[in-house]
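All remarks here apply to the structure that follows.
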Amino acid sequence: MRSQAMFFKARVGDKLADPVLQENLGKAKSKFVDARARAVAEYERDEGADFESLREAGRAIRNRTLANLDVWLETFEQKAGERGAQVKYARDGEEICRLVVEIARRHGVTKVVKSKSMLSEEAGLNKALAEAGIQPVETDLGEYILQINDNEPPSHIIAPAFHKSKEEVAELFTRTHGRPKKSGIEEMTREARETLRSHFLSAGMGISGGNFLIAETGSVTLVTNEGNGRMVTTMPKVHVVITGIEKVIPTLEDFATLMRLLPRSATGQHISNYVSVLTGVKRPEDLDGPEHLYFILVDNGRASLLGTEFQEMLRCIRCGACMNHCPVYQTVGGHAYGWVYPGPMGSVLTPLYTGIANALDLPHAATLCGQCSVVCPVKIPLPELLRGLREKQVDMDLRPKSERLALRLWGWVARRPSLYGLAAKLAVRYLNWLAEGRDRIPLLGIAPEWTKGRDFPAPQGRTFRELYAERRRREGR
Amino acid sequence: MQAREDILFRVRAALGRSDRNRHEGETDVQAAFAARAQGPRPQLGADLAARFRHECGVQSSTLDEVAALADVPAAVARYLAERGLPPRAVVWPKYAGLPWAAAGVEAEARAARDEDLVGITGCFCAIAETGTLMTCSAPDTPPSTSLLPETHIAVVPVSRIVAGMEDGWALARAELGELPRAVNFISGPSRTGDIEQTIVIGAHGPYRVHLILVREG
Ligand code: SF4
């Protein structure tokens, strides 16, 4: 998928002005937040259960494999191979597409069922498959809705159709399936089930992502609620896993720990309905399961984060909590971010994977309120990483001239205390004059952009310096 | 092959790999496999069956309880009659020998097909912490039985209820040696929240999960 992140500002304007989107976002936003809070509280009711130590353990597990990623990958490769899987590597999206098409051709496949794989979004795989004459069918309900809407990109990593209302879905279904229009969510879900069931049974190949790769056993793990992950990996005779090289974890015990974190952080469930640990191919006597299993382990920018200040980002387990809790995401939705990953984790990953110069606005699309790092199950310091990216932009000379000049001027004044005091006093007078006795300023003369969508608070009372000086006087120092 | 070498080269360069620290990395892998250290876990108390029953309710599974395995077919017949479902089911070959016909249930032992309305399985063990079935694939326990039919009925021996997922893994290592092709953890009927984040029961898998607890080993 081509990144549109450079158009962030323009897109944000559109999104804020879109009444349907604003209503849908308003309806959805508190659901995940409340569900997570409830799930964490319920977890801590048991003796010895403390979510904070769980997060610390999650962080340590992910750090452990990243510290020796090459050795862990080789170990995984060997274990998976012993059970009849083939492990392949892809440097970028193009190589993913080439490998998948090759595998499909080798097995004479004309239809592929897919459960959610963000990497196939990174690669634009559906387009490549269609061009090769292979029909891709998305089976996650959210992804399916987007696919039949002319391959619209997802707006949330675990709820791809987060931005759609049920009326919009009903419209799409009747247009695509040619059946009478439904009004209830349950009826629509049944219609999708019936339509997709025949695809599951007739597809020659299933493609899935992978939540984790387990080095100890050479397994891939899949976590879903709908059961589509199980369908895709049980019914077709070929299964292809596409996942990032950073997804490997050591043992089954580590997986158990991470599974206490992931569903609670993502949807607020104690556990997702289906958690599958898949190892190797169907044995000769087995009655079902795929005969061929391929892993495609993808770099696409990941290795370049290792050994840098951004390595911590590779711990991400793609739960979506950071975007659910982000005031910017809640207001503009996922599409504004312009690539596969939205919200705080997207604002870090998009510039790092697609080029810092191609996503200049994203590291600034944050209030740095810190909520994302408070909820992140593997303790990624997202605000610090965003700040790091802002610094990189300065180092690379990517900031506008006016901004650089203003900062240099501010630095010069700030180093001269008496001048700074005078400037602050003048600024307060000016702002009070603008406020005309109100407590907020609707139009800021020197930066009218800033007050386009909000008011500027008017200064209240005296300056900090004045208060401080008075206190020292009072205390007789 | 070129992609593999390239990527591993990049990873090694980024990590500052040398012969010495490579050995440290290998030692860490071996240490992790030898220790299989568990993370922080909740203490569930002694009555695991009570906890399991409670969590099943949270997951929207329904429950029944019988004294012995031989009582299962009659309990199945009762459940199907109550729901107005036909007394026909596909059953795990493992349970082909139960007295199905005597209870009036037409049970076929094979992998499930699209048209099957009811699937009857057992479980490898059950997990009290989350009300979850742990199932392991094998020729006499095919995974499709718990997936394709709209109604999934599972036999859960009370003696096989363990505290957490870690205990399930320990049992699997002890009894199976290596992992089967598919280990599926199942917690209630399938569901989706993809339209307006409103949870709807019954997505691609079963609409109903009914568990029959068996008291005697
Ligand atoms: S950065 Fe943390 S909170 Fe955000 S998706 Fe990744 S793991 Fe979840």
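The values are calculated or read from the model by the stated rules, or taken from the named source; none is laboratory data. Here the structure is a predicted model, which is why all the values come from computation and not from measurement. Heads up, the Cβs are rebuilt from the backbone with ideal geometry, glycines too, and the neighbour counts pull from every protein chain shown. Areas reflect the complete protein model, heavy atoms only, side chains present, ligands, DNA and RNA absent. Shrake-Rupley method; radii C 1.70, N 1.55, O 1.52, S 1.80 Å.
Data table
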| read-out | value |
| --- | --- |
| Span per principal axis, largest first, for the Cα atoms of segment A:140-221 (Å) | 50, 29, 23 |
| Cα gyration tensor, segment B:164-211 - rounded (a/c under 1.5), prolate or oblate | prolate |
| By average C-beta atoms within 10 angstrom, highest first, the peptides B:174-183, A:102-111, A:234-243 | A:234-243, B:174-183, A:102-111 |
| Other protein chain Cβ atoms within 10 Å, averaged over every residue that makes up B:170-178 | 1 |
| Global form of segment A:17-303, assessed from the alpha-carbon gyration tensor, a/c cut-off 1.5 | oblate |
| Alpha carbon convex hull of segment B:44-214, projected area averaged over orientations, nm² | 10.3 |
| q = 0.11, 0.26, 0.29 Å⁻¹: log10 I(q)/I(0) that the Debye formula gives for segment A:413-474, counting C-alpha atoms only | -0.32, -1.07, -1.15 |
| Kirkwood Rh, angstrom, segment A:329-408 [1 / mean 1/r, Cα pairs] | 13.2 |
| Proximal aspartates and glutamates relative to residue A:27, as straight alpha-carbon distance under 17 Å, when same-chain residues fewer than 8 apart are discounted | A:18, A:167, A:168, B:194, B:196 |
| Most mobile of B:114, B:167, B:194 in a GNM of chain B (Cα contacts under 10 Å) | B:194 |
| Kirkwood Rh in Å, taken over segment B:1-120 so that all alpha-carbon pairs contribute | 20.1 |
| Burial order of peptide ranges A:167-173, A:296-302 (average beta-carbon count within 10 Å, highest first) | A:296-302, A:167-173 |
| Calculated FRET value between residue B:83 and residue A:369, using beta carbons and R₀ = 41 Å, to 0.05 | 0.25 |
| Average beta carbon contacts from partner chains per residue of B:25-37, 10 Å cutoff | 5 |
| Percent carbon-and-sulfur accessible area, the protein assembly as shown, ignoring ligands, DNA and RNA, probe 1.4 Å | 53 |
| All-pairs alpha carbon distance profile, segment A:287-383, 5 Å steps from 0, percent | 2, 13, 22, 22, 18, 8, 5, 5, 3, 2, 0 |
| Amide H contacts under 5 Å for residue B:65, placed H, 5+ residues apart | B:213 |
| Inter-centroid distance (Cα atoms) of segment A:74-149 relative to segment A:441-456, Å | 49 |
| Shielding score for B:8-20, defined as the mean number of other chain Cβ atoms within 10 Å | 5 |
| Pairs from A:9/A:127; A:111/A:237; A:79/A:379; A:114/A:237; A:247/A:282; A:79/A:127 whose Cα-Cα separation, in the structure shown, is over 22 Å | A:9/A:127; A:79/A:379; A:247/A:282; A:79/A:127 |
| MRE, 222 nm, helices only [DSSP H, n ≥ 4, -39500 (n - 2.57), over chain A, to nearest 500] | -15500 deg cm²/dmol |
| Principal-axis tilt of helix B:72-82 within chain B, Cα atoms, nearest 10 degrees | 70 |
| Solvent-accessible area buried by B and A, counting both chains, probe 1.4 angstrom, square angstrom | 7800 |
| Using alpha-carbon coordinates, inclination of helix B:19-35 to the longest axis of chain B, degrees | 20 |
| Whether segment A:108-186 is rounded, prolate or oblate, judged on the alpha carbon gyration tensor where a/c under 1.5 counts as rounded | oblate |
| Average projected area [Cα convex hull, the protein assembly as shown], square nanometres | 36.3 |
| Cα-based helix-to-principal-axis angle, B:165-176 vs chain B, degrees rounded to 10 | 90 |
| Binned Cα-Cα distance frequencies in segment A:1-141 - 10 Å width, integer % | 9, 19, 26, 30, 16, 1 |
| Pairwise centroid distance, computed over Cα atoms, of segment B:94-172 with segment A:207-274, Å | 21 |
| Surface accessible to a 1.4 Å probe, per residue, for the residues of segment B:44-214, Å² | 32 |
| Accessible solvent surface per residue of segment A:71-114, calculated while the other protein chains remain in place, 1.4 angstrom probe, Å² | 41 |
| Proximal aspartates and glutamates to residue B:94, defined as alpha-carbon separation beneath 12 angstrom and excluding residues fewer than eight positions away on the same chain | B:108, B:140 |
| Segment A:198-261: Rg to Rh, with Rh as the Kirkwood radius over Cα pairs | 1.02 |
